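Below is one structure, written out as structure tokens; the observations come after it.
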There are 4 protein chains.
Amino acid sequence: MPIPAPNLFPPFNIIRLSHVAFGVRDLAASKAFYVDTLGLQVTDEDDETVYLRAMEERGHHCLVLRRSDTADVRGLSFKVFDEAELDKAHDWFAAEGHPVAWVERPYQGRTLATQDCFGMPIEFYFRMDRLPPIHQKYALYKGVKPLRIDHFNCFSPDVDRAVAFYNAIGFRVTEYTEDEETGKLWAAWTHRKGGVHDLAFTNGLGPRLHHTAFWVPTPLNIIDLCDLMATTGYVGNIERGPGRHGISNAFFLYVLDPDGHRIEIYCSDYQTVDPDLEAIRWDLKDPQRQTLWGAPAPRSWFENGSVFAGVTPVEAALKATPIVAP
Amino acid sequence: MPIPAPNLFPPFNIIRLSHVAFGVRDLAASKAFYVDTLGLQVTDEDDETVYLRAMEERGHHCLVLRRSDTADVRGLSFKVFDEAELDKAHDWFAAEGHPVAWVERPYQGRTLATQDCFGMPIEFYFRMDRLPPIHQKYALYKGVKPLRIDHFNCFSPDVDRAVAFYNAIGFRVTEYTEDEETGKLWAAWTHRKGGVHDLAFTNGLGPRLHHTAFWVPTPLNIIDLCDLMATTGYVGNIERGPGRHGISNAFFLYVLDPDGHRIEIYCSDYQTVDPDLEAIRWDLKDPQRQTLWGAPAPRSWFENGSVFAGVTPVEAALKATPIVAP
Amino acid sequence: MPIPAPNLFPPFNIIRLSHVAFGVRDLAASKAFYVDTLGLQVTDEDDETVYLRAMEERGHHCLVLRRSDTADVRGLSFKVFDEAELDKAHDWFAAEGHPVAWVERPYQGRTLATQDCFGMPIEFYFRMDRLPPIHQKYALYKGVKPLRIDHFNCFSPDVDRAVAFYNAIGFRVTEYTEDEETGKLWAAWTHRKGGVHDLAFTNGLGPRLHHTAFWVPTPLNIIDLCDLMATTGYVGNIERGPGRHGISNAFFLYVLDPDGHRIEIYCSDYQTVDPDLEAIRWDLKDPQRQTLWGAPAPRSWFENGSVFAGVTPVEAALKATPIVAP
Amino acid sequence: MPIPAPNLFPPFNIIRLSHVAFGVRDLAASKAFYVDTLGLQVTDEDDETVYLRAMEERGHHCLVLRRSDTADVRGLSFKVFDEAELDKAHDWFAAEGHPVAWVERPYQGRTLATQDCFGMPIEFYFRMDRLPPIHQKYALYKGVKPLRIDHFNCFSPDVDRAVAFYNAIGFRVTEYTEDEETGKLWAAWTHRKGGVHDLAFTNGLGPRLHHTAFWVPTPLNIIDLCDLMATTGYVGNIERGPGRHGISNAFFLYVLDPDGHRIEIYCSDYQTVDPDLEAIRWDLKDPQRQTLWGAPAPRSWFENGSVFAGVTPVEAALKATPIVAP
């Protein structure tokens, strides 16, 4: 079995994924997509930046759009349990030889910027401005009615190494795909917050961000979004779905923002808080791991991803015959 | 405009499509598909035949499965307004030179068997055994929870001619696809019962039956069916969807029975009882007429259909570049 | 059996219910309710009048709001098959001794104003301005996403007499409630357009309009409306439901507009086009006829209705113990 | 503010609620209710006991039915993080003067039986037999399609004291109702697993179990259950709903098993893993805290609960005017 035993006593306590910042080339177009079409709420904005949150979130932002000359990702952010855990994180990354810096981030308290084992920029913080609840202000719901950010999925040039690294800081594997011939991991889903994933990895040119996912109430909200996008000029931005993944059992839709950043709309997770939860293994040769049902994914879905600012992705060593539409 | 004016005073009064009989090669396998997976109710059966109805129907059957050496279709059946209309139908078809015969059909009253302009077998009747309602026996609902048969869709070698013929007997066009270059019809949807269609025609090798459709309560029932088929050995029988058609605005799924007879599961129709309802025109070059959103249809969906017993289909004169997955 | 045999050859051909005009005391408040909360679309408006249609309708209006000193109803309108049927209607009502008048109605062709057997104002027309389809303009959908007007339900002082009258002009009974002790009708549902009802009658002080119903896609739209109304100041306007009626099998919600006009939001009908459809009989003593499940209806639902302008309702002769919440 | 600060460093680590055992007087009737109607899966059974799990659970049981002369509850069970936490729990309860015992429970490892501050029997364990996943065996889904046990809700004679006790062992308050006049808690919702609650308390004769809740995929599953129960002899077992609570934002239905044990069917939770999540305060005078929309709860819902075997409930000191149907 290629996955490590879950690390139940990590060096610091990460609560959950928190937010991501996208570099976008046309701030107005991106805002229109995320606000008018997906239905995220603006919590602050100026000429350079738009801050957004989903309907059940009380933290100030789960997505930050920054005007940029190039479409890129500025880092994946995670919330830790308290300020003491932030210091533990700082010391652990420093001791492991990762670059560490305390950075200023609006609406957040102390924020640690560092990198993972592939140089992927990641940030940790505990304190963020808290906003009043809006989950019962139903007049504000629109678009796909996004409730919360759910997970990141990254291309990784070495999934075994990625899993080992994130396992060391407490991410537990819930499901994984193994390449039976080599015994190596093709993909893995890992969590902190008690769902199928906060962070997943797929073998490929990386590090790159494959997608950021938002949780919605029911499959009908996803169908509503398809109807809306198909009749408001966004039909070409629907990349894949709806369908159901074998892995995670998610009812999914993948859409592309105006810069090509991929967003998954998602429901039908399951609860993973048990420390003795057995990870589910899938064989790379089983097409239902990808698509329990639904049309095959297009080639773009297997190949395209968002680069991290300043990070040059590298080819994965592991090659496989991806299962794509002919 | 290529479609004829609606014929509001037809020679006899057809109420609605009623039922279809399929020749099936493995009666047990077909019954398992239609009963255990789709959820139709058996109203009678013996070693040679299974009669089925959907949940809100009170007529004895909407689908008849007949053990057969070859997979085929035995005719499309329609209900007329009363016995007098049946006689008018008989006389009209006879006068127009179509073969006519009064045939015995179990559980039905007098039944007229004839052919349309392409030799496609069609039948008319007024009286069928009536059964007690089961639409509120919710313990019986299963599978996709089919409520009623909704329509037939046929390949036709000449859609203009098909529309002219069926218009003459009162079928009104609700939507149609025109080949702009030739000014000819590519496809047409026609109704009697007040929905988008009882009978539709698509240009192609014909006459053949493209699909038979069943109406279900909500899109979630269609998603439930995908989940069920994907995990009970029927994943290969899901041919296309779910998605939404531009034409008819239907939320659809296409599945294949064990003999390849195609079944559409369908919801989101609209009401068409107004005699002055304007037909909606679509351009053959508009891919959203087919797929408002969703993956492109596979080639099989464009090419395969069920033959009618004893009828040799002919090539369509009109050729076009079908919009298929590469 | 207390209901008459269906009159399959009525003196003129009514296609369906069409629209209703409400007298409202605060036009802005009423518009806010119907447009912003329910989601109807404004097709025209001035200081005195607002015209509205639902999402799949192509006729100019299904609901007309008229500024008024008193909350009332100006008449129930029906569409006939063609102009000739309008003349037949005129002649039939005149011959039967009902007052008849040709009246001007904006956006409509010739309109016949008359009264039913209780003096209830009803109107007939064939031609109404036709508007482009909007059912695929998904960005316009909001509120409960109303698709079409579905039916009227009226208090009647003598349901047997109401059924006899409307049966004479072609309305067919689909379901009815019989008072077993007296053998008289307590309530009846009658249709023209092929669903459970265009027009229903309930025993009580009448004629008054009990409610006007709109058809929506799924039960989830009804739950969405409850969420919206409960958090935008309209919680007191939710009168009853959601629940399911035994009769008609409708999943329902009843809400009150600012003047107390009652609107039913409705889905889960069934098809009734068969001329030999057997009406379903319910016993007045069966509480599930009213409420297959759900909380009992409040007293207001049994007692309150909208008066017709200029018509004084009269007490019903038939008394029964209504089944209300204690 | 009457609620204590969250205890982020409790003496032992409880992961989540786990299961409950009901004493039932007719084991076959109870099994029919939970299996055929609700859709739970039998994992083991004999003449005296039935073990059940929900569709996404891998632990052996979330509900145990035991043949009994009286309807009662045998204790509420919780899973801890590992065996070491179980020992810590033992020592903490012993030190606090609660009775402690290691008990044998089939399919479980070491199990600690103790009592809360009111003598309510509670149990803790870490290890339970693990079963293969069935969440993708869609042919097994039936009834309301229950996914997992979600929470317990208990009547407590002193909610402030209950909250203080459970806060001491790490349960964090997410929402609460305050009696403004006395400044005392009327009700509180507390969690361990990252949702709105694992355990809630309502002021009243206690300790008694008000209800046990199961999580389902969408509101439509709840409507399906209403339809099923209303037509299979269980209409009288639907006690309240469907509706939405203000508190927790839950779309709910309350049903009664054959012994009167109350089951809530539930969806629309939100995520509460943030340690700095602010609890939401509701005023006892606000009727929307209880019922954001929907019919008022019946008196039975306010008064009835299941007793714990061997525990005599006591009156609550705090009295208030419950908001019931007139």
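Every number here is computed from the coordinates shown, using simple stated rules; none is lab data. Computed from a predicted model, the values in this text were never measured in an experiment. Methodologically, a virtual Cβ is constructed for each residue, glycine included, from the backbone with ideal geometry; neighbour enumeration extends over all protein chains shown.
Mind checking which of B:Gly195, B:Gly97, B:Gly246 has the largest fluctuation in a GNM of chain B, springs on alpha carbons under 10 Å?
Maximum among the listed residues: B:Gly97.
Between C:Gly39, C:Gly183, C:Gly206, find the one with the highest GNM mean-square fluctuation for chain C; connect C-alpha pairs within less than 10 Å.
C:Gly183
What is the Å³ per residue value for the convex hull set by the Cα atoms of segment C:54-115?
Values: hull volume 6.9 nm³, N = 62.
Per residue, the Cα convex hull of segment C:54-115 comes to 111 Å³.
What does the charge count near D:Asp91 come to, summing +1 for each Lys or Arg and -1 for each Asp or Glu among other residues with Cβ under 14 Å from its Cβ? Spell out each step's value before the answer.
Numbers: positive: D:Lys88, D:Arg110; negative: D:Glu83, D:Glu85, D:Asp87, D:Glu96.
Around D:Asp91, the surrounding residues sum to -2.
Counting partner chain Cβ atoms within 10 Å of every residue's Cβ in B:221-234, what's the average?
Values: counts 1, 2, 11, 6, 2, 8, 11, 5, 3, 10, 11, 3, 1, 1.
What the average comes to for B:221-234 is 5.
In whole Hz, with x marking every Gly and Pro, tabulate ³J(HN,Hα) for segment B:58-70 from phi via Karplus 6.51 cos²θ - 1.76 cosθ + 1.60, θ = phi - 60°.
10, x, 5, 8, 10, 8, 10, 9, 10, 4, 7, 6, 10
Quick one: Karplus J couplings for segment A:142-155, per residue in order, coefficients 6.51, -1.76, 1.60, θ = phi - 60°, nearest Hz, x for Gly and Pro?
These are the phi-based 3J(HN,Hα) values: 7, x, 8, 6, x, 9, 6, 5, 10, 6, 10, 10, 10, 6 Hz.
Report the residue of chain D with the smallest Cβ-to-axis distance, using the rotation axis that brings D onto C, in whole Å.
D:Ala295, 2
Largest first, please: the extent of the C-alpha atoms of segment A:1-141 along each principal axis, to the nearest Å.
45, 37, 36
Using the Karplus equation 6.51 cos²θ - 1.76 cosθ + 1.60 (θ = phi - 60°), what ³J(HN,Hα) coupling, rounded to whole Hz, does each residue of segment D:264-275 give in order, writing x for Gly and Pro?
Ordered by residue, 3J(HN,Hα) equals 9, 9, 8, 8, 6, 6, 9, 7, 10, 6, 5, x Hz.
Running a GNM on chain C with Cα contacts under 10 Å, which residue among C:His98, C:His60, C:His19 ends up with the highest mean-square fluctuation?
Most flexible of the set in this elastic network: C:His98.
Take the alpha carbon atoms of segment B:286-303, find their center, do the same for segment A:215-284, and report the distance between the two centers in whole angstrom.
21 Å
Please give the average number of partner chain Cβ atoms lying within 10 Å of the Cβ of each residue in A:289-295, rounded to a whole number.
Numbers: counts 0, 0, 2, 7, 14, 9, 11.
Whole-number average of other-chain Cβ neighbours for A:289-295 is 6.
Let me know the charge dipole size of the protein assembly as shown about its Cα centre in debye, to the nearest 20, where only the beta-carbon of Lys, Arg (+1) and Asp, Glu (-1) is charged. If you can, show how the numbers build up before the last one.
Numbers: 128 positive and 176 negative charges, 1 e Å.
Charge dipole of the protein assembly as shown: 0 debye, to the nearest 20.
Please give the calculated 222 nm ellipticity per residue for the protein assembly as shown, where each DSSP H segment of at least 4 residues contributes -39500 (n - 2.57) and the sum is spread over every residue; nearest 500 deg cm²/dmol?
Values: 24 runs with 196 residues, N = 1304.
Calculated at 222 nm, the ellipticity per residue is -4000 deg cm²/dmol.
Under 11 Å from a label point 7 Å along Cα→Cβ of A:Arg66: give me every residue in segment A:75-93 with its amide N that close.
In segment A:75-93, the label zone of A:Arg66 (backbone N under 11 Å from the point 7 Å along Cα→Cβ) covers A:75-76.
How do D:Val100, A:Val196 rank when sorted from fewest to most other Cβ atoms within 10 Å of their own Cβ?
Working: D:Val100 18, A:Val196 24.
Ascending number of Cβ neighbours within 10 Å: D:Val100, A:Val196.
Antiparallel DSSP bridges in the protein assembly as shown: what percent, to the nearest 5?
Close to 70 percent.
What's the local net charge at A:Val255, with K and R +1, D and E -1, over the other residues with C-beta under 12 Å away? Mind dumping the intermediate values first?
Working: positive: A:Arg240, A:Arg262; negative: A:Glu239, A:Asp257, A:Glu264.
Neighbourhood net charge equals -1.
Roughly what % of DSSP beta bridges within segment D:176-284 run antiparallel, to the nearest 5?
On the way: 18 of 25 bridges.
Around 70 percent of the beta bridges assigned by DSSP in segment D:176-284 are antiparallel ones.
Charges only on Cβ, +1 for Lys and Arg, -1 for Asp and Glu: so what's the dipole of chain B about the Cα centre, in debye to the nearest 20? Numbers along the way, then the final one.
On the way: 32 positive and 44 negative charges, 93 e Å.
It works out to roughly 440 debye.
Counting pairs of alpha carbon atoms under 8 Å apart in space and at least six apart in sequence, what relative contact order in percent does chain B give? Could you put the intermediate results ahead of the total?
Numbers: 797 pairs, mean separation 61.4, N = 326.
So the answer I get is 19 percent.
In the protein assembly as shown, how does Rg compare with the Kirkwood Rh, expressed as the Rg/Rh ratio over alpha carbon atoms?
Numbers: Rg = 32.0 Å, Rh = 33.0 Å.
Expressed as Rg/Rh, it is 0.97.
When you look at the Cβ of every residue in B:269-279, what mean number of other chain Cβ atoms sits within 10 Å? Please report the intermediate quantities before stating the final value.
Numbers: counts 2, 9, 10, 1, 9, 12, 8, 10, 3, 4, 0.
Mean number of neighbouring Cβ atoms from other chains: 6.
Would you compute, for the Cα atoms of segment B:202-278, the largest minus smallest coordinate along each principal axis and list the three values in descending order, in whole Å?
47, 33, 17
Which Cα, out of C:Asn249, C:Val216, C:Thr231, lies furthest along the positive dipole direction of segment C:188-252 (beta carbon charges, K/R +1, D/E -1)?
Among C:Asn249, C:Val216, C:Thr231, the one farthest towards the positive end of the dipole of segment C:188-252 is C:Asn249.
Grab the eigenvalues of the alpha-carbon gyration tensor for chain C, scale each by 5, take roots, and send me the semi-axes largest first in whole angstrom.
27, 26, 19
What does the charge count around A:Phe165 come to, taking other residues whose C-beta lies under 12 Å from its C-beta (Lys +1, Arg +1, Asp -1, Glu -1)? Don't jump to the answer; show the numbers that get you there.
Details: positive: A:Arg161; negative: A:Glu96, A:Asp116, A:Asp158, A:Asp160.
Net charge in that neighbourhood comes out at -3.
Among D:His61, B:His135, D:His211, rank each residue by its count of other Cβ atoms within 10 Å, from fewest to most, as a rough exposure measure.
On the way: D:His61 30, B:His135 18, D:His211 23.
Lowest to highest Cβ neighbour count: B:His135, D:His211, D:His61.
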